[in-house]
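Below is one structure, written out as structure tokens; comments come after it.
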Amino acid sequence: MEKQDALDDLFAQARSRPVEPSDALMARVLADALAEQPKAVVARAAPVARGSWLGGLASVFGGFGGLAGVGGAAVAGLVLGFVQPATVTDFADAVLGTDVVASVTLIPSADALLVGE
């Protein structure tokens, strides 16, 4: 126990006199800390990547794959709509039982838009 009491007395004596660092030590520590801090860097704006109009159009459709799919469907629709291959019209006639090409009015008259009196 005597050893424990001596240790407690030593700690009490150390707590009674606070140790203040010297001004020279504080100046050296602050100078070292200032030297280690990162230097300020001037921020520059990143160059704006300008895409082509085709790239912008492709991004609307989900990329170039989507643009190719929409383009292919458009071409197929134009071919089937304007050319009307005989096999397509024959198939439509057989399924519907009527002459499809003759029964479709592509440009209706304006009479349907006029209100009857």
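The values are calculated or read from the model by the stated rules, or taken from the named source; none is laboratory data. For clarity, every value in this text was computed on a predicted model and none was experimentally measured. Ideal geometry is used to build each Cβ from the backbone, glycine not excepted, and the neighbour counts take in all protein chains shown.
Odds and ends about this structure:
- Flag for ALA92 being modelled with pLDDT of 85 or more and small (Gly, Ala, Ser): no
- Candidates ASP99, ASP111: the one that is surrounded by 10 or more Cβ atoms within 10 Å (Cβ to Cβ) and modelled with pLDDT under 80 is ASP99.
- Odd one out for SER59, checked against (1) hydroxyl-bearing (Ser, Thr, Tyr); (2) more than 30 Å from ASP99 (Cα to Cα); (3) at pLDDT below 85: (3)
- Within segment 1-86, helices (runs of 4 or more DSSP H) holding 1 or more residues that are within 38 Å of the chain's Cα centre (by Cα) and surrounded by 10 or more Cβ atoms within 10 Å (Cβ to Cβ): 53-60, 64-78
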